[in-house]
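> The structure that follows is given in the form of structure tokens.
The values are calculated or read from the model by the stated rules, or taken from the named source; none is laboratory data. Keep in mind that this is a model prediction, so the values were computed, not measured. Cβ atoms come from the backbone with ideal geometry, glycine included; neighbour counts cover every protein chain shown.
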Amino acid sequence: MAVTGVFMSAVADTHSQEHHHGPAKGISRWLLTTNHKDIGSMYLIFSFAMFLLGGSMAMVIRAELFQPGLQIVQPEFFNQMTTMHGLIMVFGAVMPAFVGLANWMLPLMIGAPDMALPRMNNWSFWLLPCAFLILVSTLFMEGGAPNFGWTFYAPLSTTYGPPSTTFFIFAIHIMGVSSIMGAINIIATIMNLRAPGMTLMKMPLFVWTWLITAFLLIAVMPVLAGAVTMMLMDINFGTSFFDASGGGDPVLFQHVFWFFGHPEVYIMILPAFGAISHIVSAFSRKPLFGYASMVYAVGAIALLSFIVWAHHMFTVGVPLAGQLFFMYATMLIAVPTGVKVFNWVTTMFRGSLTFEAPMLFAVAFIILFSIGGFSGLMLAIAPADFQYHDTYFVVAHFHYVLVPGAIFGIFASAYFWLPKWTGHMYDETLAKTHFWLSFIGMNLAFFPMHFLGLAGMPRRIPDYALQFADFNMVSSIGAFMFGATQLLFLFIVVKCARGGEKAPAKPWDGAEGLEWTLPSPAPYHTFTTPPDIK
Amino acid sequence: MADANSDTSPTPRRSNRRVIAWCMTGVVGMFAFGFALVPLYDVFCEITGINGKTGGRYEASSTGQVDADRTVTVQFLASNGPGMSWEFRPVTRSIKVHPGEPVTVNFFAQNPGDTPMVGQAVPSLSPSEGTPYFHKTECFCFNQQPLEAGESTEMPLVFIVDPELPEYITKLTLSYTLYDQSQHIEVSGPVGAGASTNKNG
Ligand code: HEM
Ligand SMILES: [Cu+2]
């Protein structure tokens, strides 16, 4: 909570003299606030806390895998760690971070005074700590926390799950409600509160990508809720949705889950696409190349994401025609993704580039995310996936799209907009150090996993054959480095919130957008009269 | 959509209601869709025959023509589901049949325990492309099988391989998994009390 205070005080001070009332004092400000900036900050702080919690679980995993054999934890606990790590990172760190960015930036980018549904905004945030309190408390329950992987396949999670599974289901329900409320709020804000003259095709790309992400959330979070509800009924009410002995089918679970799951991975990356587009253009001092094609590419990715889910299930038994369909549909996604990468590179081409921290993260995003895309294409080849599936190659793939993709996207955004949030410049030297240590640590941790996977090391195991020892040790060292580096990020943000060089209204000369027309820090109330859009 | 842009736009409050209404329709619709996937999935598997789920009781006693020129090998597997203690095996492990002829084989089951139990066998056929051409006119898997402590039984299966079976399929493997249904039996009569529309058999 101390951090919370520091983080926001700068914003609160400067405009007590405005005719609007400032923020309330004390804890009730945070409990009852309907201010999009307060709520955005709470989302971001919550998400970072979850990032550290999920990260420390990853440290347990990598410590156990440092050497072959069982040294530190028992296999049962190891499985709880992989499960909770995945769930916390996906639902607690990445998704709330993007919702936080949306809360802070969408109203500023479209010239709105606040989110369209401020009271609902408060609820959707406060549901999250409740959900994660429940989820994390399962660690202390009899039988331990969920141990069936973040994908919670039936019957592992139904017939063989620990007693705490019911609490896990409840937590997922609450998170789902929170995400859906957040998504509705974002759609209502973008649809109804744009400043006069801001037509759809004039919207900043971050706004576009979030609009499409919000639609994805509305389409798939209810399906996830349905899946866990079916689990709940199988476990507690004697139905057999997923139980073969009662006429159900465990494979059905995987279809329902991945119908949610694949769009979900795009929910975690599309907002980053938007933010990166702004950052690349700002630090190249050129307008973004191919704005319209960017919008259509995001739309195409979102639509295609609904018809590729079975690429997660090639080895489960999909008929030949199905394998071919899902293989080609999956590969098709590489086309709009390629368009985006092409546009970013073309934006940088012949630009006056400078490499401040946001740009470093953005460039790393483009390069490393592409590597993740390529390994995705390899996995999409159905016959080859029989070799790769459930090995560390898959782990390498999704960490390359999620860490330098989603997480670097969030870091880039944070550094890009920190001056606007706090009114101070962050410490550039420290931020660059944060970048380089993260970059090296992340590659050390995840690149060897490609080789491990190709050589046949299965995922989600606490012990492994001796020939995998060296790469695992390198990977663990990289992971420790990456993990420790994130404390530096915490330090940089706190330092920036408490003071530092005063930030001008527009600290990046190439940056474009309404948010830079506001003073830094952005006043507690902004755009109470809508700006003019040329 | 673009109404916020013009001066004659409805008040945000009203159009917010509209957005909420639309979004909630989407949410409720997609939640229902998640559950609709359950019957859709079964119907899809039944029509396409994928997934190895064999159909219910086949009514005709023969498909008419017996194709004596062609032989198809049918293999039988039997295994126990988790926690099931019965001895369960096919009496005939493999048999050569002519498409179109009705064939009877038996499965042996014994309850070695000292309490009465109820079992339910669930079939699966491989390769799944053969599923629509494998007809069961009589099968122990259509019903639950109760066995007293120590009791044993032979359970019949009568099937016909359809002469329409694609040429390239020369071998079919039918596997049964036997599940312990003893604790479900007081709760619900027939199996599949839950979701599935599919009375496997
Ligand atoms: C060109 C783009 C992509 C392609 C072709 C692709 C393809 C695939 C395939 C085929 C798998 C299944 C591998 C297996 O289990 O055997 C997979 C897994 C995965 N992908 Fe991707 N992917 C792409 C982009 C992404 C993106 C952008 C994200 C997230 C931001 C992502 C996240 C994941 C995750 C989390 C898994 C693993 C799920 C699990 O089993 O735990 N992928 N991908
Ligand atoms: Cu996928």
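> Among (1) within 9 Å of ligand 1 (Cβ to nearest atom); (2) within 14 Å of chain B (Cβ to nearest Cβ); (3) more than 23 Å from the chain's Cα centre (by Cα), there is one condition residue A:321 misses while meeting the rest; what is its number?
Of everything listed in (1) within 9 Å of ligand 1 (Cβ to nearest atom); (2) within 14 Å of chain B (Cβ to nearest Cβ); (3) more than 23 Å from the chain's Cα centre (by Cα), residue A:321 misses just condition (1).
> For region A:245-266, name all the residues that are of a type in the set (Gly, Ala, Ser), without any contact (Cβ under 8 Å) to a residue 24 or more places away in the chain and either part of a helix (DSSP H, G or I) or more than 8 Å from every other protein chain (Cβ to nearest Cβ) (or both).
The answer is A:245, A:246.
> Moving on. Looking at region A:309-318 only, could you name the residues that are surrounded by fewer than 20 Cβ atoms within 10 Å (Cβ to Cβ), more than 12 Å from ligand 2 (Cβ to nearest atom) and either assigned to a loop (DSSP other than H, G, I, E, B) or more than 14 Å from chain B (Cβ to nearest Cβ) (or both)?
If we filter region A:309-318 for residues that are surrounded by fewer than 20 Cβ atoms within 10 Å (Cβ to Cβ), which is where we start, we get A:313, A:315-317.
Those left that are additionally more than 12 Å from ligand 2 (Cβ to nearest atom): A:315-317.
The answer is A:315, and nothing else.
> Count, please, the residues in region A:230-244 that happen to be in a helix (DSSP H, G or I) and within 8 Å of chain B (Cβ to nearest Cβ).
4
> Still on this structure, please answer the following. Go through the residues of region A:335-344 one by one and say whether even a single one is within 14 Å of chain B (Cβ to nearest Cβ), in contact with a helix residue (DSSP H, G or I) (Cβ under 6 Å, 6 or more places away or on another chain), within 16 Å of ligand 2 (Cβ to nearest atom) and on the phi < 0 side of the Ramachandran plot.
No, because not a single residue in region A:335-344 is within 14 Å of chain B (Cβ to nearest Cβ), in contact with a helix residue (DSSP H, G or I) (Cβ under 6 Å, 6 or more places away or on another chain), within 16 Å of ligand 2 (Cβ to nearest atom) and on the phi < 0 side of the Ramachandran plot.
> Pick out the one residue from B:71, B:63 that is modelled with pLDDT of 90 or more and either touching a Lys or Arg at 6+ places or on another chain (Cβ under 8 Å) or farther than 30 Å from residue A:316 by Cβ (or both).
B:71
> Taking residue A:127 as the residue in question, decide whether it is modelled with pLDDT of 95 or more and in contact with a helix residue (DSSP H, G or I) (Cβ under 8 Å, 6 or more places away or on another chain).
Taking the combined requirement at face value, the residue satisfies it.
> Would you check which residues across region A:197-219 are at the interface with chain B (Cβ under 7 Å from one of its Cβ atoms) and either in contact with a Pro (Cβ under 8 Å, 6 or more places away or on another chain) or closer than 15 Å to residue A:157 by Cβ (or both) and list them?
Result: A:219, single match.
> Do you know which residues across region A:55-74 are over 21 Å from residue A:136 (Cβ atoms) and surrounded by 13 or more Cβ atoms within 10 Å (Cβ to Cβ)?
If the condition is that a residue be over 21 Å from residue A:136 (Cβ atoms) and surrounded by 13 or more Cβ atoms within 10 Å (Cβ to Cβ), then A:65, A:66, A:67, A:68 are the ones that fit.
> Here's another thing I want to ask about it. Restricting to region A:262-308, and then to whatever is among the aromatic types (Phe, Trp, Tyr) and within 10 Å of ligand 1 (Cβ to nearest atom), can you tell me which residue is surrounded by the fewest Cβ atoms within 10 Å (Cβ to Cβ)? Outline the logic, then answer.
Our first condition is that a residue be among the aromatic types (Phe, Trp, Tyr); within region A:262-308, this holds for A:266, A:273, A:283, A:289, A:291, A:296, A:306.
Keeping just the survivors that are within 10 Å of ligand 1 (Cβ to nearest atom) gives A:266, A:273.
Numbers: A:266: 22, A:273: 27.
In this case the residue turns out to be A:266.
> Also, quick follow-up: Here are some residues: A:182, A:161. Which one is at pLDDT 95 or above and not polar (S, T, N, Q)? Give the derivation first.
Values: A:161 fails: at pLDDT 95 or above.
The conditions single out A:182.
> Sticking with this structure for a sec: Could you tell me which of the residues A:369, A:386, A:365, A:361 is within 9 Å of ligand 1 (Cβ to nearest atom), more than 14 Å from every other protein chain (Cβ to nearest Cβ) and either of a type in the set (Val, Ile, Thr) or closer than 16 Å to residue A:405 by Cα (or both)?
Being within 9 Å of ligand 1 (Cβ to nearest atom), more than 14 Å from every other protein chain (Cβ to nearest Cβ) and either of a type in the set (Val, Ile, Thr) or closer than 16 Å to residue A:405 by Cα (or both) holds for just one of A:369, A:386, A:365, A:361, which is A:369.
> Just to be sure I understand the filter: pairs with C-beta atoms under 6 Å, separated by 6 or more residues or on different chains, first member in region A:154-179 and part of a helix (DSSP H, G or I), second member among the aromatic types (Phe, Trp, Tyr). Which pairs pass?
Qualifying pairs under 6 Å: A:175/A:91.
> Out of all the residues in region A:294-308, which are touching a Phe, Trp or Tyr at 6+ places or on another chain (Cβ under 9 Å) and more than 16 Å from ligand 2 (Cβ to nearest atom)?
Selection gives A:294, A:295, A:297, A:298, A:299.
> Taking region A:447-468, which residues are under 10 Å from residue A:65 (Cβ atoms) and either surrounded by fewer than 18 Cβ atoms within 10 Å (Cβ to Cβ) or among the aromatic types (Phe, Trp, Tyr) (or both)?
Passing the criteria: A:461, A:463, A:464, A:468.
> Right, residue A:101: free of Cβ contacts under 8 Å to residues at least 12 places away in the same chain, in a helix (DSSP H, G or I) and not charged (D, E, K, R) or not?
In short, no.
> Quick check: is even one residue across region B:116-131 away from chain A (no Cβ under 14 Å) and either surrounded by 14 or more Cβ atoms within 10 Å (Cβ to Cβ) or not aromatic (Phe, Trp, Tyr) (or both)? Explain how you work it out, then say what you get.
Pass one, region B:116-131, residues away from chain A (no Cβ under 14 Å): B:116.
Still in the running and either surrounded by 14 or more Cβ atoms within 10 Å (Cβ to Cβ) or not aromatic (Phe, Trp, Tyr) (or both): B:116.
Yes, some residue in region B:116-131 is away from chain A (no Cβ under 14 Å) and either surrounded by 14 or more Cβ atoms within 10 Å (Cβ to Cβ) or not aromatic (Phe, Trp, Tyr) (or both).
> While we're on this one: Can you pull out every residue in region A:124-167 that is of a type in the set (A, V, I, L, M, F, W, C), in contact with a Ser or Thr (Cβ under 6 Å, 6 or more places away or on another chain) and buried (at least 21 other Cβ atoms within 10 Å of the Cβ)?
A:128, A:145, A:148
> A further question follows. Give the residue, chosen from A:332, A:324, that is surrounded by fewer than 18 Cβ atoms within 10 Å (Cβ to Cβ), within 16 Å of ligand 2 (Cβ to nearest atom) and outside any loop (DSSP other than H, G, I, E, B). Show your work before the answer.
Details: A:324 fails: within 16 Å of ligand 2 (Cβ to nearest atom).
A:332 is the lone residue from the list that is surrounded by fewer than 18 Cβ atoms within 10 Å (Cβ to Cβ), within 16 Å of ligand 2 (Cβ to nearest atom) and outside any loop (DSSP other than H, G, I, E, B).
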